[in-house]
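Participant: Just dropping this structure here.
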Amino acid sequence: MNIEVAEERTDDALVLLPVGRLDSSNARAFESIVMERIGGGERRLIVDFSRLDFISSAGMRVLLIAAKALKTADGSLVLCAMKNHIQEVFRISGFDRIIPITESREASAPGSA
Amino acid sequence: MNIEVAEERTDDALVLLPVGRLDSSNARAFESIVMERIGGGERRLIVDFSRLDFISSAGMRVLLIAAKALKTADGSLVLCAMKNHIQEVFRISGFDRIIPITESREASAPGSA
Amino acid sequence: MMDEFHVALAPRLSAVRSLSRMVEEFGDANRLPHPKIYMINLALDELITNSLTHGFDGIDDPRIEVTVRLASDALVLTTVDNGHRFDPTAVERPDVEAPMERRPIGGLGLHIIRTFADRVTYEYAGGRNRLTLEHDLTAPASGGGRRRDEEHR
Amino acid sequence: MMDEFHVALAPRLSAVRSLSRMVEEFGDANRLPHPKIYMINLALDELITNSLTHGFDGIDDPRIEVTVRLASDALVLTTVDNGHRFDPTAVERPDVEAPMERRPIGGLGLHIIRTFADRVTYEYAGGRNRLTLEHDLTAPASGGGRRRDEEHR
Ligand SMILES: Nc1ncnc2c1ncn2[C@@H]1O[C@H](COP(=O)(O)OP(=O)(O)O)[C@@H](O)[C@H]1O
Ligand SMILES: Nc1ncnc2c1ncn2[C@@H]1O[C@H](COP(=O)(O)OP(=O)(O)O)[C@@H](O)[C@H]1O
């Protein structure tokens, strides 16, 4: 199944905005979009959660893979604008310790870190 | 519960287009719209079903009341653009014998009858 | 494929809407023809409205249970309620050939759903009304496969 | 109010979507707080995916039954499947404090749903796995009324 992912560009990062649900049925589609961008040379990725209502561990798995790949390539992955109930899932998974999560897109700019 | 009803005017009739579902939970709301129009002097009513997906007997009841009221007042009620499965319900209820049902809005003009 | 779908509810008119969206999901998941889904939702609107209007007067904890089951060649709707004993299959049919003047307002709901169903069974047991409506999914003449996809919107 | 909602399905990934929309309807009909609905749908995604990936190898007629029940003070999710015997409550928890390098890919689903649930019970009987996840709806300290409306979107 597909997933709609809007893309925007800030000064030095590519912002991905997955829309709706990121679950076991479309995590693969999301994975190939993310890995294509990294493969294409993107080094600073921001995943903006403001249009995402649902994520399951299948979706989180993709983010961990991307974080690992970007770390190896000296890049960075930042997540922002998560709804509370989604942030809670990242917290109990310990993902908040290994992938930076910021309140807003602005706060995720490298300069502000 | 409310119902959205679009209204359009042809040369000599008022067209009502109920939208979505006309069921037991909003038939009263539809009834007051229809009866207000008749009370306000409308004599030629067309109910266009093209935007209606669902009707139950509670909705058909309103149409029978309107047909009776308009007949008494020397007016007319015509129904048009019904989906097949809805038309079938009107047929087995015998409503197609007492309220004219036409294919399209054009065919429901008084001149074409 | 989902074969069975069951909901228990304390009847309210507003529940009919939620229920109908669930039945639509069930129908879509099974690629059922849209007219069949309409028949099920029509029956649910008529039956729940009837229970609310006529069936639960003075009943303490009114309950309706709805089951939609996809059998190998039929779509089966069952409602079970703890309202007053009432056999819908015993209700006299309205005269649908009468002219407008002699048509009463109402009295159509049961006629419609009984006409559409291929089989209707009623029983009263354990203080509950149980009504089952079966809608065949196989083409009657050919006896062939399901008609599910044929009319799929 | 709908108290109970039950679906039987032959598991497919695509069924998870239909099911989640049904659960949302159930939640809306009962004005359940949105985070509770999320937890139920998250658990369903994890459990059905697990069954499909690990549970049904070589099983003839794979089946999952899902029940969501609204008790007086808890939301109860039960899944029953005829897959291989597997007790999710016996799985070791992942080390969520490990640094990125030592975090394996996967192994989170069960941890998440077990952490969120207030009570988890597993039993194997009649050739079926039965898992029950309970989510309290009452405020833990006050012991007062339901929190349903508080967080309602
Ligand atoms: N659940 C019920 N309990 C008792 N009586 C009922 C019930 N449902 C229907 N009836 C009776 O059967 C009649 C026909 O029902 P129906 O065809 O649905 O039309 P309507 O409800 O519009 O009158 C009702 O008028 C009512 O007298
Ligand atoms: N239904 C099941 N049947 C058999 N084994 C299972 C089942 N569900 C989970 N498991 C086992 O438990 C492990 C942990 O599951 P989970 O936490 O969901 O993570 P993941 O599925 O991503 O590995 C799985 O890797 C698998 O070995």
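Values in this text are rule-based calculations from the coordinates and carry no lab data. Only a predicted model underlies this, so the values are computations on that prediction, with no experimental measurement involved. Using ideal geometry, Cβ is built from the backbone for each residue, glycine included, and neighbour counts are taken over all protein chains shown.
Participant: Using r as the Cβ-Cβ distance of B:E36 and B:A6, and R0 as 22 Å, what FRET efficiency do you calculate, to the nearest 0.05?
Facilitator: Using R0 = 22 Å, I get an efficiency of 0.90.
Participant: Pull up all non-local amide H partners of A:V15: gap of 5 or more, or a different chain, and H-to-H distance under 5 Å with H placed in the peptide plane.
Facilitator: Amide H to amide H, under 5 Å and 5 or more residues apart or across chains, A:V15 pairs with A:E8, A:R9, A:T10, A:I46.
Participant: For chain D, return all DSSP H helices satisfying: extent of Cα atoms along own axis at least 15 Å; mean Kyte-Doolittle hydropathy at least 0.0.
Facilitator: Membrane-span-like by this criterion, though nothing is claimed about a membrane: D:13-29, D:34-50.
Participant: Now, a different point. Which of the three applies to chain C, rounded, prolate or oblate, going by the alpha-carbon gyration tensor with a ≥ b ≥ c and a/c under 1.5 meaning rounded?
Facilitator: oblate
Participant: Tell me, what ³J(HN,Hα) does each residue in the range C:82-96 have, in order and in whole Hz, if you take phi through Karplus 6.51 cos²θ - 1.76 cosθ + 1.60 with θ = phi - 60° and put x for Gly and Pro?
Facilitator: Rounded to whole hertz, the list is 9, x, 4, 4, 8, 9, x, 6, 9, 6, 5, 6, x, 7, 7.
Participant: Straight distance only, please: which lysines reach the Cα of A:K71 with their own Cα at less than 23 Å, same-chain residues fewer than 8 apart left out?
Facilitator: Filter leaves no residues.
Participant: Please list, in order along the range A:97-106, the HN-Hα scalar couplings obtained from phi with the Karplus expression 6.51 cos²θ - 1.76 cosθ + 1.60 (θ = phi - 60°), rounded to whole Hz, x for Gly and Pro.
Facilitator: 7, 10, 10, x, 10, 10, 4, 10, 4, 4
Participant: Using DSSP H assignments, which helices in chain B have an axial alpha-carbon span of 18 Å or above and a mean Kyte-Doolittle hydropathy of 0.5 or higher? Write down the numbers at each step before the final one.
Facilitator: Details: long enough: B:57-72 (22 Å, 0.94).
In chain B, the long hydrophobic H runs are B:57-72.
Participant: Restricting to the range A:5-107, what percent of DSSP beta bridges are antiparallel, rounded to 5?
Facilitator: Numbers: 5 of 18 bridges.
The answer is about 30 percent antiparallel.
Participant: In µm²/s, what is D for chain B at 10 °C and 1.306 mPa s, where D = kT/(6 pi eta Rh) by Stokes-Einstein and Rh is the Kirkwood radius from Cα pairs?
Facilitator: Once the numbers are plugged in, D ends up at 115 µm²/s.
Participant: If you place +1 on the Cβ of every Lys and Arg and -1 on the Cβ of every Asp and Glu, how big does the dipole about the Cα centre of the range D:4-152 come out, in debye to the nearest 20? Write down the numbers at each step before the final one.
Facilitator: On the way: 18 positive and 24 negative charges, 18 e Å.
Charge dipole, the range D:4-152, about its Cα centre: 80 debye, nearest 20.
Participant: Using θ = phi - 60° and the Karplus form 6.51 cos²θ - 1.76 cosθ + 1.60, what ³J(HN,Hα) does each residue of the range B:73-80 get, whole Hz, x for Gly and Pro?
Facilitator: Result, rounded to whole Hz: 8, 6, x, 8, 10, 10, 10, 9.
Participant: Need the list of lysines near B:K83 for cross-linking: C-alpha distance under 23 angstrom, and skip anything on the same chain fewer than eight residues off.
Facilitator: Excluding near neighbours in sequence, the set is C:K36.
Participant: Assign unit charges at the C-beta atoms only (+1 for Lys and Arg, -1 for Asp and Glu), then state the dipole size of the protein assembly as shown relative to its Cα centre in Debye, rounded to the nearest 20.
Facilitator: My answer is approximately 60 debye.
Participant: Take every Cα-Cα distance within the range C:47-128, group them into 10 Å bins from 0 onward, and report for each bin the whole-number percent of pairs it holds.
Facilitator: 14, 43, 31, 12, 1
Participant: Fewest to most neighbouring Cβ within 10 Å: what's the order for A:H85, D:H54? Provide the component values of the computation, followed by the final result.
Facilitator: Values: A:H85 20, D:H54 11.
So the ranking, lowest neighbour count to highest, is D:H54, A:H85.
Participant: To continue, here is another question. Calculate the length of the line joining the C-alpha centroid of the range A:53-70 to that of the range C:36-53, in whole Å.
Facilitator: 44
Participant: Out of all DSSP beta bridges with both ends in the protein assembly as shown, state the antiparallel percent to the nearest 5. Display every interim value, and only then the final one.
Facilitator: Values: 75 of 101 bridges.
Approximately 75 percent, going by the DSSP bridge assignments.
Participant: Answer rounded, prolate or oblate for the range A:66-110, using the Cα gyration tensor with square roots of eigenvalues a ≥ b ≥ c: rounded when a/c is under 1.5, else prolate when a/b is larger than b/c, else oblate. Intermediate results must be reported in sequence, preceding the final value.
Facilitator: On the way: a/c = 3.02, a/b = 1.32, b/c = 2.28.
Because a/c hits 1.5 or more and a/b fails to exceed b/c, the range A:66-110 counts as oblate.
Participant: Sticking with this structure for a sec: Scan around A:S76 for amide H atoms under 5 Å from its own, H built in the peptide plane at 1.01 Å from N, and keep only partners 5 or more places away or cross-chain.
Facilitator: Amide H to amide H, under 5 Å and 5 or more residues apart or across chains, A:S76 pairs with A:R44, A:L45.
Participant: If the only charges are +1 at each Lys and Arg Cβ and -1 at each Asp and Glu Cβ, what is the size of the charge dipole of chain B around the Cα centre, to the nearest 20 debye?
Facilitator: Values: 14 positive and 16 negative charges, 71 e Å.
So the dipole magnitude of chain B works out to roughly 340 debye.
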